[in-house]
Structures are given as C-alpha cells and as structure tokens.
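The values are calculated or read from the model by the stated rules, or taken from the named source; none is laboratory data. What you see is a predicted model, and the numbers here were worked out from it, not measured in a lab. Cβ atoms come from the backbone with ideal geometry, glycine included; neighbour counts cover every protein chain shown. Surface areas here come from the heavy atoms of the whole protein model, side chains and all, with no ligands, DNA or RNA. Shrake-Rupley method; radii C 1.70, N 1.55, O 1.52, S 1.80 Å.
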Amino acid sequence: MENIQNMVSFVREHFNSDKFIPLHEPRFRGNEKKYLAETIDSTFVSSVGAFVDQFENMMQDITGAAKSIAVVNGSASLQVALRLAGVKKDEEVITQALTFIATANAIVYNNAVPVFVDVDLDTMGLSPIALENFLEEFGELREDGCYNKSTGRRIAACMPMHTFGFPVHLDELVAVCNKWQIPLVEDAAESLGSFYKGKHTGTIGLISGFSFNGNKVVTSGGGGAIITNDIELGVQAKYLTTTAKRPHPYEFFHDELGYNFRMPNLNAALACAQLESLNGFLEDKRGLANKYAEFFNGSGIKFRQETADTKANYWLMCVELNNKAEREEFLKNTNELGVMTRPIWNLMYRLPMYAHCQRDAQTNAEFLEERIVNIPSSAK
C-alpha cells in the first residue's frame with residue numbers, strides 16, 4: 001500500500017492536480033479551434049473538404065508511407081485493410097488474443113474467423129516463435145496459399161497489434177509470414193509515433209490501420225487512417241471507403257459493395273491541428289515514461305519499457321505486478337485514491353463470441369493478463 005500511495009503522490013505532483021487523474025486525456029494546444037472555425041465557415045463539414053486531403057498528406061509525411069486514406073475510425077481501417085489483403089468469407093486470420101476487441105471484430109466483419117496465437121512477453125504483441133510453432137503444427141502450403149490442416153480453411157492474413165504503442169518483432173514476423181505465404185496486416189491503431197528499426201509502424205506490412213479516438217496520442221474525436229506503400233491498394237482503399245462510387249460529374253454509379261467510411265472534414269480539421277503537435281506530445285510522454293522508470297526502479301513493480309531497436313510512443317504506459325492479487329490491490333487502491341488505472345484487456349477467447357476460436361497455449365498472454373495495469377499517461 002505504501003508503494004501505491006507514493007505513486008499516487010508522484011502522479012498528482014507531475015500533473016499538478018489534486019482532482020481525479022484520468023488515464024489518458026486529449027490536449028488541445030494548437031490550431032484546433034482555428035481549423036474547426038475555418039471548416040464551419042467553408043460549409044464543407046462532412047466528407048469532402050480541404051482538411052481531409054491535408055490529413056492524408058500529413059500522415060504520409062509522418063509515417064513515410066506512399067499512401068494514406070482517412071476513414072471514420074480505427075475499426076473501419078482494419079476491416080478494409082483485411083479485405084484489401086484478400087481476406088474472404090470463412091477464411092482465417094491469425095492474430096493475438098491479448099488485444100482490444102476491435103482487432104478481432106474487424107476479422108469477423110469480413111465474415112472471417114480469428115485464430116489466436118500467443119504473444120511475446122517483452123512486446124506484449126504477437127510472437128513470431130509462437131506463430132512459427134503454430135504453422136509448423138497446423139499449416140499446409142498449397143497452390144493458392146496456406147491452409148489450416150485442422151479446419152480446412154485458408155489462412156488469409158496475419159494481423160499483429162502493436163500493444164500500447166510497443167512495436168512487435170516485425171522482421172521475424174514478416175519472415176514467418178513470407179515463408180508461409182501469408183500477408184501481414186499491421187494493427188497500428190495504438191502506435192502513431194512508434195518506430196521499428198527506424199521505420200514507422202504500419203509501413204512494414206502490406207497495409208495497416210490507425211486510430212484517432214479521443215484517448216489516443218493524437219485525436220480527431222473519431223477517426224482512423226489506412227496506410228500502405230502499395231499505391232494500387234491505396235487507391236482501392238479510397239474507392240471502397242467512399243461507397244465504391246465511380247467518378248462522374250452528376251451520376252451515382254457504384255459498381256461493388258463499398259462502405260460509407262469517410263472521415264468528415266470537421267474531424268480532419270481537428271486531426272490536422274493535433275498532428276502539428278505530435279512531436280511535442282511524444283516528447284512530453286517520453287519524459288513522463290522516463291520519470292516513471294526512475295520512480296519504479298527498485299520498488300518491486302516493473303515499469304514496461306520499449307525493446308531494443310524500437311522507439312515506442314508510450315501511448316498507454318503500464319506496470320507489471322507480481323501476481324493477480326497484487327494487480328487487484330493496485331487497481332482498487334489507485335482508483336479509490338482518485339487516480340485512474342485500468343487492467344489490460346480480457347483475452348479474446350474469454351469473451352462469449354470468441355470462445356470457440358482456435359488458439360495455442362497462450363502461456364504468455366495469460367501471464368500478462370493477470371499482471372499488466374495501465375497508469376496515467378497523458379501529455380502534460
């Protein structure tokens with residue numbers, strides 16, 4: 001209890017507040033009001049407007065991707081990314097059970113089936129060793145791709161998630177996926193500003209999705225982005241997310257099933273102002289992470305830090321307790337003392353709609369599920 005009280009005092013001192021301390025709240029320190037006013041004055045507040053184009057260009061500049069497509073939220077970005085990767089009805093997508101629900105939902109939105117493979121302890125993301133072991137046991141290469149011998153279904157994609165902005169071991173995952181002829185789609189929803197060996201997350205797989213929800217490093221209120229280095233895929237992504245409408249001066253002709261997943265210009269205006277402040281947010285959050293690391297050093301509570309060859313955005317910072325009982329005590333006392341903390345997600349196969357899905361032993365995921373807690377992580 002003393003450690004917890006000390007942490008609460010530390011957090012209050014850092015954020016200079018004796019009020020309730022949230023887990024992660026947005027900061028509006030730049031041109032947000034100005035750009036929103038410009039959008040309202042222009043009357044282009046919906047799905048067409050200058051800020052949508054500006055947002056897409058800024059995302060390309062920040063990530064280094066060849067193509068960026070603005071969409072309504074992160075879930076939509078993943079759903080479309082999987083479709084563009086070739087995922088079809090009754091096929092399988094390998095992902096991690098230690099993730100936010102949107103990862104698994106995006107697979108099912110494509111009428112596909114999630115398969116859960118264990119994570120690494122250091123990244124909390126999909127393990128290339130576990131993936132290789134799973135495919136050695138159940139994978140079978142055929143002329144049209146990799147199949148699951150136990151279900152008879154084609155494994156259409158693999159989608160790791162960069163948990164809390166900590167990049168997974170991408171080189172190793174790419175190597176395994178290439179060996180088994182499985183496209184890699186990155187769930188980069190939480191990782192804007194994170195880098196793996198000098199490359200921005202989301203640019204190493206075939207295609208990826210980002211989120212700009214209200215609790216992310218950068219927010220557009222609600223919004224997302226698809227990014228890819230494949231120009232043709234990017235063009236198709238824009239077409240599908242704008243109702244699959246063929247260009248014409250006045251006629252409405254849609255030649256396949258598309259989605260009304262367009263980001264409104266109002267949201268894009270907010271996003272552009274936030275992206276202008278991204279480097280400052282990341283610097284502030286890294287400063288807080290360094291303070292946490294120093295504070296928890298020698299306390300018996302492990303502060304989770306980035307792995308070698310990566311640069312994490314420290315979106316949600318987290319600690320690792322020694323067991324589930326300590327985790328519960330930590331959660332109970334911090335929240336009662338007015339500092340918001342939250343456990344890591346329930347594993348997907350704990351949820352009724354995913355209880356039937358195939359999975360491996362999940363040794364690391366279950367270890368982390370019992371121990372990881374997110375702590376206040378806002379930019380100052």
Condition check for Ile204: buried (at least 24 other Cβ atoms within 10 Å of the Cβ) and over 23 Å from Leu368 (Cβ atoms): no
Leading residue by the ranking (nearest to Asn346 (Cα to Cα)) among those in the range 140-176 that are crowded, with 20+ Cβ neighbours inside 10 Å and of a type in the set (Gly, Ala, Ser): Gly165
Number of positions in the range 82-103 that are within 17 Å of the chain's Cα centre (by Cα) and surrounded by fewer than 24 Cβ atoms within 10 Å (Cβ to Cβ): 3
Candidates Val117, Val168, Val93 - the one that is touching a His at 6+ places or on another chain (Cβ under 9 Å) and not small (Gly, Ala, Ser): Val168
Residues that are under 16 Å from the mean Cα position of the chain (by Cα), hydrophobic (A, V, I, L, M, F, W, C) and open to solvent by 20 Å² or more (accessible area, probe 1.4 Å), drawn from the range 64-81: Val72
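Select the helices (runs of 4 or more DSSP H) contained entirely in the range 271-380, then report the ones holding at least 2 residues which are more than 22 Å from Leu98 (Cβ to Cβ) and open to solvent by 10 Å² or more (accessible area, probe 1.4 Å). Can you show your working first?
Numbers: elements: 278-296, 324-336, 363-369.
Fully inside the range 271-380 and qualifying: 278-296, 324-336.
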Residues of the range 354-377 satisfying the condition of being in contact (Cβ under 8 Å) with a residue 40 or more places away in the chain and farther than 19 Å from Glu320 by Cα: Tyr354, Cys357, Gln358, Arg359, Asp360, Ala361
Enumeration of residues in the range 177-190 that are surrounded by fewer than 22 Cβ atoms within 10 Å (Cβ to Cβ) and of a type in the set (A, V, I, L, M, F, W, C): Trp180
Condition check for Ala325: at pLDDT 95 or above and closer than 28 Å to Leu84 by Cα: no
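Of the residues Gly193, Gly214, Gly222, which single one is in a loop (DSSP other than H, G, I, E, B) and open to solvent by less than 10 Å² (accessible area, probe 1.4 Å)? Show your work before the answer.
Numbers: Gly214 fails: open to solvent by less than 10 Å² (accessible area, probe 1.4 Å); Gly222 fails: open to solvent by less than 10 Å² (accessible area, probe 1.4 Å).
Of the residues listed, the single one that is in a loop (DSSP other than H, G, I, E, B) and open to solvent by less than 10 Å² (accessible area, probe 1.4 Å) is Gly193.
With under 20 Å from Ile62 (Cβ atoms) and either at pLDDT 95 or above or aromatic (Phe, Trp, Tyr) (or both) as the only criterion, which of Leu240, Leu206, Leu173, Leu184 stands out?
Working: Leu240 fails: under 20 Å from Ile62 (Cβ atoms); Leu173 fails: under 20 Å from Ile62 (Cβ atoms); Leu184 fails: under 20 Å from Ile62 (Cβ atoms).
One residue alone meets the criteria, Leu206.
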Number of the condition not met by Asp171 [criteria: (1) within 24 Å of Ser75 (Cβ to Cβ); (2) under 24 Å from the mean Cα position of the chain (by Cα)]: (1)
